[in-house]
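The structure under discussion appears below in the form of structure tokens.
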Amino acid sequence: MKITDVKINLVSHQEPLKAFVSITFDACFVVHDLRVIKTQGKTFIAMPSKKIKDVNRQIDIYKDIAHPINSEMRDLIEKTVLEKYKSTVEDIV
């Protein structure tokens, strides 16, 4: 499986969120709402998730909607997205 497109939508004034990302696989399947997060000098990606209420513990928890199931795919997604994010930020500055 190949990542054939990455779209970066930069976000301003929402620390630590830096961008929302859409990635396309094999030019036929897209995943929206990945997030680029920067905190304590480290930049990483977060998979799309939804907030649900845990009624037993009275807290909100986040559940992934989509995520890679092995480290090789996770590494590929993270490397590709962060390279595109960095080049997008450099183009603006």
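The values are calculated or read from the model by the stated rules, or taken from the named source; none is laboratory data. Bear in mind that the values here come from a model prediction, so they are computed numbers and not experimental data. Cβ sites come from the backbone with ideal geometry, for glycine too, and all protein chains shown count toward neighbours. Calculation scope for accessible area: heavy atoms of the full protein, side chains included, ligands and nucleic acids excluded. Shrake-Rupley method; radii C 1.70, N 1.55, O 1.52, S 1.80 Å.
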Each residue of region 32-44 in turn: what ³J(HN,Hα) in whole Hz from Karplus with 6.51, -1.76, 1.60 and θ = phi - 60°, glycine and Pro shown as x?
9, 6, 5, 10, 9, 10, 10, 8, 6, x, 10, 10, 8
If I build a Gaussian network model for the chain, linking alpha-carbon pairs within less than 10 angstrom, which residue out of H32, H67, H13 has the largest mean-square fluctuation?
H13
Leading residue at positive end of dipole, the chain (Cβ point charges), from I69, I92, V6:
I69
Under a GNM of the chain (C-alpha, springs under 10 Å), which listed residue has the highest mean-square fluctuation: V11, V36, V21?
V11
In whole percent, and with a 1.4 Å probe on the protein chains, what portion of the accessible area of the chain is carbon and sulfur?
52
Can you give the longest run of the chain that contains no trypsin sites (Lys or Arg not before Pro) sitting in a DSSP loop with at most 10 other Cβ atoms inside 10 Å?
3-56
Area accessible to solvent at M1, 1.4 Å probe radius, in Å²
140
For region 17-24, what does the Karplus curve 6.51 cos²θ - 1.76 cosθ + 1.60, with θ = phi - 60°, yield as ³J(HN,Hα) per residue in whole Hz, taken in order and with x for Gly and Pro?
5, 10, 6, 9, 9, 10, 10, 10
Kindly express, to the nearest 10 degrees and within the range 0 to 90, the angle between helix 71-92's C-alpha long axis and the longest C-alpha principal axis of the chain.
60
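If you add up the charges near D60, with Lys and Arg at +1 and Asp and Glu at -1, over every other residue whose beta carbon is less than 11 angstrom from its beta carbon, what do you get? If you can, show how the numbers build up before the last one.
Details: positive: K50, K51, K53, R57, K63; negative: D54.
Here the charged neighbours net out to +4.
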